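Quick notes on the structure that follows.
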Amino acid sequence: MSGSGHLKRGDHKTDQVSLPSSAQPQPLDQPPARLPAEIELEVAGESAQLMLGARLAELLRAYRGIVYLRGDLGAGKTTLVRGLLRGLGYQGAVRSPTYTLIEPYETVEPPVVHLDLYRLADPEELDYLGLRDLLEHPGLILVEWPERGAGALPPADLELQIADAGERRRIRVRACPRWAPVVAALSAPSTAQDALDSAGAH
């Protein structure tokens, strides 16, 4: 990317989330400097991923920043985004912007910009996509395949790494210090199901 390179900005049934025995964040083997808080969850089924997304919506209403979603094709990154948007009240179609790369959702609060960088050929292309302006976005920036923008994207405030675990998905959530309360709250009771129901997700 031309210019500055790095940019800165201010008992568990099927289809339920399995929570860890302790709500305390566990250290990473090699924790990134900005992501010291960590928790690992397991989900079974698409509806559980939607519920987790809706739970995140509850927790992130007061936050503004960048969220990375990592995982292989079909891991459920876009499903989490869909659940989050449903939790914020968005009732339209939610698809990954694989070809357009960027999809804004300005009618929810906080506003959301969804990026899918799978087809990004070079991180410098983010300049042409208006990354500088996006970083001034007064809401949440959700980035799938952030590794494709390495060197141009700023560090994440929150990162979700999705991995296969047989018939389930294992999701590791890490946060920078300012967003550590989000990680701690993920093991607390939530009204995520109510949020999904009221948004017409079922």
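When Leu158 is tested against the conditions (1) modelled with pLDDT of 95 or more; (2) within 24 Å of Ala121 (Cα to Cα), the lone failure is (2).
Examine the stretch 104-112 for a residue that is within 21 Å of Ser47 (Cα to Cα), buried (at least 17 other Cβ atoms within 10 Å of the Cβ), within 15 Å of the chain's Cα centre (by Cα) and modelled with pLDDT of 95 or more, and state whether such a residue exists. No, the stretch 104-112 contains no residue that is within 21 Å of Ser47 (Cα to Cα), buried (at least 17 other Cβ atoms within 10 Å of the Cβ), within 15 Å of the chain's Cα centre (by Cα) and modelled with pLDDT of 95 or more.
Confirm whether Ala156 is of a type in the set (Gly, Ala, Ser) and crowded, with 23+ Cβ neighbours inside 10 Å.
On the way: of a type in the set (Gly, Ala, Ser): yes; crowded, with 23+ Cβ neighbours inside 10 Å: yes.
When the stated conditions are applied, Ala156 passes them.
Listed by position, the helices (runs of 4 or more DSSP H) enclosed by the stretch 69-146 that each have at least 3 residues that are farther than 15 Å from Ala54 by Cβ are 125-128, 131-134.
Mind checking whether some residue in the stretch 68-90 is under 20 Å from Gly130 (Cα atoms), under 14 Å from the mean Cα position of the chain (by Cα), polar (S, T, N, Q) and buried (at least 17 other Cβ atoms within 10 Å of the Cβ)? No, the stretch 68-90 has no match at all. Scanning the stretch 91-110 for residues that are within 16 Å of Leu134 (Cα to Cα) and in contact with a helix residue (DSSP H, G or I) (Cβ under 7 Å, 6 or more places away or on another chain) yields a total of 1.
Let's see how each residue does on (1) hydroxyl-bearing (Ser, Thr, Tyr); (2) surrounded by 19 or more Cβ atoms within 10 Å (Cβ to Cβ); (3) under 22 Å from Thr98 (Cα atoms); (4) modelled with pLDDT of 95 or more:
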{"site": "Leu135", "(1), (2), (3), (4)": "no, no, yes, no"}
{"site": "Ala152", "(1), (2), (3), (4)": "no, yes, yes, no"}
{"site": "Ala163", "(1), (2), (3), (4)": "no, no, yes, no"}
{"site": "Arg168", "(1), (2), (3), (4)": "no, no, no, no"}
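The values are calculated or read from the model by the stated rules, or taken from the named source; none is laboratory data. Model, not experiment: these values are computed from the prediction. Don't worry about glycine lacking a Cβ; one is built from the backbone with ideal geometry, like all the others, and counts go over all protein chains shown.
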